[in-house]
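The next block holds one structure in the form of structure tokens; read it before the comments.
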Amino acid sequence: MKKTISQSKTSHESGFVLLFSLVVSAIIFLVGAGIFSLSFKELLTSTISQESQKSIFAADSGVECALSADTNDQVFDGDQHQFTCFGNNINTSFDSTGVYVFNLAFDNSTCSVVHVDINDEEKVTIIAQGYNKCTGDQPVLTYPGIAERVYRVTFLRTN
């Protein structure tokens, strides 16, 4: 009769071990899934931040080119519509509102679209749109991860 009782305890204890191992496995799985989810979100945030930085640098470079062309080369004062920036020959044109427009392409597949508006009071407004994904000097607006950053600089010319 003792054997029957001890067999009953062994059978009962092995069921408890199985249940305990399932609970421990589920806890380990949930902790691992949480860590994976957190890591994946951090990776996405890092990538978005990197792409945003690219477009910020493109916009800043566009502003710097326009400032250099205005102050050093006086491109926006007359009939001259060509200047050099970052080793590239840049041609300006007018849009429908009479604003100078030019595009810049950079080696890392970024670009900038720059608008330079000069009014009668010699107030200069430069708007540079930087993009993180471009083909040549044109942004790829259909790219799902496109990032656009805009810099606007306004100043008065002094003679």
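The values are calculated or read from the model by the stated rules, or taken from the named source; none is laboratory data. Quantities reported herein were computed from a predicted structural model and do not represent experimental measurements. Glycine gets a Cβ as well: all are built from the backbone with ideal geometry, and neighbour counts include every protein chain shown. Ligands, DNA and RNA are excluded from the accessible area calculation, which covers all protein heavy atoms including side chains. Shrake-Rupley method; radii C 1.70, N 1.55, O 1.52, S 1.80 Å.
Taking label positions 7 Å along the Cα-Cβ direction at both Asn119 and Phe40, the computed distance is 5.1 nm, reported to one decimal. Computed over the chain, relative contact order equals 20 percent, with contacts defined as Cα pairs under 8 Å that lie 6+ residues apart. When GluC sites (Glu not before Pro) are flagged only if DSSP places them in a loop and at most 15 other Cβ atoms lie within 10 Å, the longest unflagged stretch of the chain comes out as 1-120.
Relative to the present Cα-Cα distance, how much length would full extension add between Leu156 and Phe94 at 0.36 nm per residue of separation?
Details: separation 62, 0.36 × 62 = 22.32 nm, distance 2.08 nm.
Contour length minus Cα-Cα distance gives 20.2 nm.
Diffusion of the chain by Stokes-Einstein, at 10 °C in a medium of 1.306 mPa s and with Rh set to the Kirkwood radius over alpha-carbon pairs, works out to 79 µm²/s. Here the contact order of the range 76-134, divided by its residue count and restricted to Cα pairs under 8 Å and six or more residues apart, works out to 22 percent. As I understand it, the value is the acute angle between the Cα axis of helix 2-71 and the longest principal axis of the Cα atoms of the chain; what does it come to in degrees, rounded to 10? Here the helix axis deviates by roughly 0 degrees.
Remark: spin-label model distance Leu22-Gln138 equals 6.2 nm, labels positioned 7 Å along the Cα→Cβ axis. The residues of the chain expose, per residue, 69 Å² of accessible area to a 1.4 Å probe.
Pop out the carbon and sulfur fraction of the accessible area of the range 49-159 as a percent, whole number, probe 1.4 Å. Could the numbers behind the result be given before it?
Values: 2880 of 6290 Å².
Roughly 46 percent of what the probe reaches on the range 49-159 is carbon or sulfur.
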